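Heads up, the thing below is written out as structure tokens.
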Amino acid sequence: MGYENLSLKPEYPQTLLPPLLSKWEQLDDDDTDLWPLLECMASIAASLREIFAPYAVPVYERATKILSNCILLDQECHTDPAIDPPEKDFMVTSLDLIDGLVQGFEYHSVDLINQNHKSNLIELMLICFEDYNGDVRQSAYALLGDLAIFTIELLKPYLRQIFISIGNEINNRTYETYPVYNNAIWALGEMIIRLPIEETKPYIDNLVDLLILMGINAAELVNGKLNQFIEAWCSRFLYLIDNNEKETGFQGIINMINLNPIMDLEDYQLNMVKKI
């Protein structure tokens, strides 16, 4: 239906929301019937934007509570075999709902996040980056990307941990984890274009190397973005000593250029390559 129609017709949200909120209040935090409702609320929050404001705080608080409880339970079950591990769908749908709120409230979502002192969203998200379940990590990186777009200041105290997690995700990629590292790379890009260069420089060199190493076995995945990072790569590799890492990096870049040499070379200033 879209935000425009819903904002022009206030009776529509007033018709849609009460039954959903009633169901929301009836279900316990560990009821699996909550999964589709959390996903539904995520879409509604993203679509309604400020119309959803009266419900935002309790919805956000419950989503972070469910996520926090699942993380705690997951940690406890590793030390006590009598404890059943949590259903990962609770974590996924909670992350998606929080992401829907961020998308809906955009730059105002920082106020929503800061007012909740019971849970630190960024610390919860960092834990989710290390989860063995790919769906959890995929949703966590989707949330990271939207937080980078709208609340970049919240991420600054955690840049080191975030960049390490993204680097590990790229380095440990498999065919099955494509949706995960695709989100991680997207989130990385959203962060880099909004952060001052001095804040990313300590981390970006290693990440550029990882992208180039992907050119060995997955050149088609990063080839379309080559013109966005080839200059930084050339600047870095120009002064590296000759070793196996440098040779591997060059092989990766050659693989990517070979996929589409005309487009890549027309878009890039070749003087840097000639120096190498």
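Summary table
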{"read-out": "Taking Thr248, Thr174 and counting other C-beta atoms within 10 Å, the order from fewest to most", "value": "Thr174, Thr248"}
{"read-out": "Two-site label geometry, Thr248 and Ser22: point separation in nm, points 7 Å out along Cα→Cβ", "value": "6.1 nm"}
{"read-out": "Charged-residue dipole, Cβ positions (Lys, Arg, Asp, Glu), segment 3-205 about Cα centre, Debye nearest 20", "value": "620 debye"}
{"read-out": "Length released on extending from Lys201 to Trp186, taking residue separation times 0.36 nm less the Cα-Cα span", "value": "3.6 nm"}
{"read-out": "Inter-centroid distance (Cα atoms) of segment 43-62 relative to segment 183-204, Å", "value": "29 Å"}
{"read-out": "Protection proxy ranking of 159-171, 113-125 - average other beta-carbon atoms within 10 Å, highest first", "value": "159-171, 113-125"}
{"read-out": "Where N is the number of residues in segment 3-205, Cα Rg divided by 2.2 N^0.38 Å", "value": "1.05"}
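No value in this document is a laboratory result; all are computed from the given coordinates. As the structure is a computational prediction, the values presented were derived from the model and not from experiment. Cβ coordinates were reconstructed from backbone atoms using ideal geometry, including for glycine residues, and neighbour counts include every protein chain displayed.
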